[in-house]
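Q: Pasting in a structure now, in structure tokens, and then I'll have a few things to ask.
The numbers here are math on the coordinates, done by the rules we state, and not lab data. Bear in mind that the values here come from a model prediction, so they are computed numbers and not experimental data. As a convention, Cβ positions derive from the backbone with ideal geometry for all residues, glycine included, and neighbour counts pool all protein chains shown.
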Amino acid sequence: MKRVAVLFSGVGSNFLNLLETLHTKECTIACAITNNPEAEGIAHAKCYSIPLIILNHKPFASRKSYDTQLVKVLHAFEIELCVLAGFMRILTSVFTSQMKAINLHPSLLPLYKGSNALQRSFEGPEKECGISVHWVDETLDGGAVIMQQKFDKTALDFESYEKKIKAAEHELLPKVLSDILKKI
Ligand code: GRF
């Protein structure tokens with residue numbers, strides 16, 4: 001089975017969802033990495049006995065030096081594919097030249113790149129909204145889109161919109177990952 005790493009910075013609901021859907025069935029989540037020592041998602045790694053690495057970005061002088069360490073850890077765990085699920089870091093070519101990675105983003109890219117996309121996409125004038133899974137390159141949320149899921153947001157308040165986004169993410173990410181695992 002392919003060895004996958006999940007990287008996250010916060011709640012980790014997508015990380016948990018991958019543990020529940022694909023881990024030990026279609027891939028091995030061989031490690032999880034967070035840059036946030038307080039991330040709620042840390043509990044999910046403990047629950048599933050997944051090796052967890054807390055790699056705080058704060059002591060690093062540059063993005064490149066952080067990414068050098070990140071890649072070192074990923075190589076040590078023999079990771080073949082990274083899944084960025086709420087990992088709030090812009091990655092440099094140090095990472096992208098050495099690691100295959102996909103990212104989940106709560107908007108229909110190329111619309112609403114960057115942080116706070118969920119809120120901005122809700123407030124935007126478009127009728128449709130949705131989520132994207134894309135390849136990671138060194139541009140912010142700019143790599144090639146692999147798959148998107150959309151829905152009409154016109155009748156939704158923010159709370160129900162957010163729930164629909166989460167539900168879509170929990171459906172799309174395992175689906176895309178499963179497809180990719182068959183090809184790499
Ligand atoms: C998701 O909305 C994802 O699209 C974005 O960060 C969020 C992570 O959510 N990149 P969670 O921590 O997996 O619940």
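Q: Would you please give the residues with an amide H less than 5 Å from that of GLY86, counting only those at least 5 places away or on a separate chain, with H modeled from the backbone geometry?
A: Amide H to amide H, under 5 Å and 5 or more residues apart or across chains, GLY86 pairs with LEU104.
Q: Which of rounded, prolate, oblate describes region 24-119, given a ≥ b ≥ c as roots of the alpha-carbon gyration tensor eigenvalues and a/c under 1.5 marking rounded, otherwise prolate only if a/b is larger than b/c?
A: Details: a/c = 1.36, a/b = 1.15, b/c = 1.18.
Cα axes put region 24-119 in the rounded bin.
Q: Once the Cα atoms of helix 63-76 and of the chain are each reduced to a long axis, what angle between those two axes, in degrees from 0 to 90 to the nearest 10, is obtained?
A: 70 degrees
Q: Radius of gyration and Dmax for the chain's Cα atoms, expressed in Å?
A: Every Cα atom of the chain included, Rg and Dmax give 15.9, 48 Å.
Q: Turning to a different aspect of this structure: May I ask you to derive the relative contact order of region 25-65, considering only C-alpha pairs under 8 Å and at least 6 residues apart, and to give it as an integer percent? Let's see the in-between values first.
A: On the way: 36 pairs, mean separation 18.0, N = 41.
So the answer I get is 44 percent.
Q: Once each part is reduced to its C-alpha centroid, what is the distance from region 106-184 to region 2-64 in angstrom?
A: Rounded to whole Å, the Cα centres lie 20 Å apart.
Q: Moving on. Placing +1 at every Lys and Arg Cβ and -1 at every Asp and Glu Cβ, with all other atoms neutral, what dipole size does region 98-184 have around its Cα centre, in debye to the nearest 20?
A: Values: 12 positive and 13 negative charges, 61 e Å.
Once rounded to the nearest 20, the dipole reads 300 debye.
Q: Here is a further query. In debye, nearest 20: dipole of region 32-152 around its Cα centre with unit charges on the Cβ of K, R (+) and D, E (-)?
A: On the way: 11 positive and 12 negative charges, 60 e Å.
Value, rounded to 20: 280 debye.
Q: In which sequence would GLU123, GLU171 go, from the one with the fewest C-beta neighbours within 10 Å to the one with the most? It would help to have the intermediate numbers written out before the result.
A: Working: GLU123 10, GLU171 14.
Ascending number of Cβ neighbours within 10 Å: GLU123, GLU171.
Q: Here's something else I'd like to know. To make sure I understand, if each residue's beta carbon is the centre and we count other beta carbons within 10 Å, what order do VAL136, VAL71 fall in, fewest to most?
A: On the way: VAL136 22, VAL71 19.
By the 10 Å Cβ count, ascending, the order reads VAL71, VAL136.
Q: Still on this structure, please answer the following. Over the chain, what is the mean sequence separation of C-alpha contacts under 8 Å (at least six apart), divided by residue count, expressed as relative contact order in percent?
A: Working: 330 pairs, mean separation 36.1, N = 184.
About 20 percent, as a whole number.
Q: Calculate the dipole size of region 1-69 relative to its Cα centre from +1 charges on Lys and Arg beta carbons and -1 charges on Asp and Glu beta carbons; express the result in debye to the nearest 20. Kindly include the intermediate steps, with their values, before the conclusion.
A: Details: 7 positive and 5 negative charges, 50 e Å.
It works out to roughly 240 debye.
Q: A further question follows. How about region 77-127: which trypsin sites (Lys or Arg not before Pro) there are in a DSSP loop, with at most 13 other Cβ atoms within 10 Å of their Cβ?
A: LYS100, LYS127
Q: As a quick test, which of the pairs LYS72/LYS100; LYS64/LYS150; LYS100/LYS164; LYS58/LYS164 have an alpha carbon distance above 23 angstrom in this structure? Walk me through the numbers before you get to the answer.
A: Values: LYS72/LYS100 14 Å; LYS64/LYS150 35 Å; LYS100/LYS164 28 Å; LYS58/LYS164 34 Å.
Among LYS72/LYS100; LYS64/LYS150; LYS100/LYS164; LYS58/LYS164, the Cα-Cα distance tops 23 Å for LYS64/LYS150; LYS100/LYS164; LYS58/LYS164.
Q: Kindly rank 18-26, 58-66, 76-84 from highest to lowest mean number of other beta carbons found within 10 Å of each residue. If you can, show how the numbers build up before the last one.
A: Values: 18-26: 16.3, 58-66: 12.8, 76-84: 19.2.
Per-residue Cβ counts within 10 Å, averaged per peptide and sorted highest first, yield 76-84, 18-26, 58-66.
Q: Compute the relative contact order of region 32-112 as a whole-number percentage, counting only Cα pairs closer than 8 Å that sit 6 or more residues apart in sequence. Mind dumping the intermediate values first?
A: Numbers: 70 pairs, mean separation 20.5, N = 81.
This gives 25 percent for region 32-112.
Q: Still on this model: For LYS113 and VAL73, FRET efficiency with R0 = 22 Å and r from the beta-carbon atoms, rounded to 0.05? Display every interim value, and only then the final one.
A: Details: r = 27 Å, r/R0 = 1.21.
The formula returns an efficiency of 0.25 here.
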